[in-house]
1. One residue is enough: does the range 19-31 have a residue meeting the conditions at pLDDT below 95, more than 16 Å from residue 136 (Cβ to Cβ) and more than 17 Å from the chain's Cα centre (by Cα)?
2. Just checking, which of 171, 201, 212 is under 17 Å from the mean Cα position of the chain (by Cα), assigned to a helix (DSSP H, G or I) and either at pLDDT 95 or above or under 24 Å from residue 36 (Cα atoms) (or both)?
3. Of the residues in the range 32-45, how many are out of contact with any helix residue (DSSP H, G or I) (no Cβ under 7 Å at 6 or more places or on another chain) and either surrounded by 24 or more Cβ atoms within 10 Å (Cβ to Cβ) or within 16 Å of residue 139 (Cα to Cα) (or both)?
4. Just to be sure I understand, how many residues within the range 92-146 are assigned to a helix (DSSP H, G or I) and at positive phi?
5. Every residue in the range 136-159 that is more than 20 Å from residue 177 (Cα to Cα) and either touching a residue at least 24 places away in the same chain (Cβ under 8 Å) or surrounded by 21 or more Cβ atoms within 10 Å (Cβ to Cβ) (or both), please.
6. In the range 182-193, is there at least one residue being touching a helix residue (DSSP H, G or I) at 6+ places or on another chain (Cβ under 6 Å) and surrounded by fewer than 18 Cβ atoms within 10 Å (Cβ to Cβ)?
7. Looking only at the range 51-81, filter to residues that are over 18 Å from residue 242 (Cα atoms) and within 15 Å of the chain's Cα centre (by Cα); which one of those is surrounded by the fewest Cβ atoms within 10 Å (Cβ to Cβ)?
């Protein structure tokens with residue numbers, strides 16, 4: 001199992017009912033997160049770039065403002081997409097491997113639990129965890145050491161998933177509900193003192209730790225302040241404009 005990836009869910013998206021797949025990657029060389037179990041949530045019938053361009057990624061991204069707007073072009077991704085995930089790399093490669101039949105299916109609670117056993121687990125390395133039934137995540141994380149997760153949808157698992165916020169009003173609303181937030185900000189002076197801390201794995205914080213050692217983004221189960229991060233990734237300029 002050490003170097004494998006597994007299908008942990010195939011079925012309708014809980015967001016719009018369209019076909020999706022969730023794949024758990026056991027080993028990861030991600031420099032920011034460290035070696036965690038990564039999970040990729042994809043349309044099972046459309047490659048990630050086409051899904052982005054046509055708006056079909058709503059099945060796995062919901063109403064996230066960073067997914068951009070559909071384009072009528074024959075190639076490329078969505079217009080004004082500000083998501084930090086580069087679709088050309090991991091999402092596209094995972095989709096191609098899935099279509100080649102490269103992944104086994106983990107059947108049942110014990111098989112899925114074994115993937116995350118005593119490991120850090122990241123829910124939604126790409127895609128929103130709320131698109132996948134909660135019982136899948138409950139199995140995957142039931143023996144995990146820690147979990148990191150984020151959602152732009154209505155957070156039905158606030159004890160383990162951070163609520164993604166893109167402005168202060170969204171963050172304050174989530175705080176009133178007892179949720180912890182992960183907020184994308186345009187600059188450091190946007191951080192709310194006493195409520196938020198700068199992501200320790202961010203460039204602005206000196207990237208002094210990886211997510212694997214930080215463990216702050218585990219929802220309300222973590223007793224700590226909410227987390228803020230300055231917009232980053234290949235579209236960070238547009239992302240800063242979006243959240244400013």
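The values are calculated or read from the model by the stated rules, or taken from the named source; none is laboratory data. What you are looking at is a predicted structure, and each value in this text was computed from that prediction instead of being measured. Heads up, the Cβs are rebuilt from the backbone with ideal geometry, glycines too, and the neighbour counts pull from every protein chain shown.
1. No: zero hits.
2. 212
3. Narrowing the range 32-45 to residues out of contact with any helix residue (DSSP H, G or I) (no Cβ under 7 Å at 6 or more places or on another chain): 38-39, 44-45.
Restricting the remaining residues to those that are either surrounded by 24 or more Cβ atoms within 10 Å (Cβ to Cβ) or within 16 Å of residue 139 (Cα to Cα) (or both) gives 38-39.
The number of residues fulfilling the criteria is 2.
4. 1
5. Result: 136, 137, 139, 140, 141, 142, 143, 144, 145, 146, 147.
6. Yes, the range 182-193 has at least one match.
7. In this case the residue turns out to be 58.
One line per residue, one yes/no per condition, for (1) loosely packed, with under 14 Cβ neighbours inside 10 Å; (2) under 12 Å from residue 40 (Cβ atoms); (3) at pLDDT 95 or above:
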{"position": "83", "(1), (2), (3)": "no, no, no"}
{"position": "91", "(1), (2), (3)": "no, yes, yes"}
{"position": "94", "(1), (2), (3)": "no, yes, yes"}
{"position": "103", "(1), (2), (3)": "no, yes, yes"}
{"position": "106", "(1), (2), (3)": "no, no, yes"}
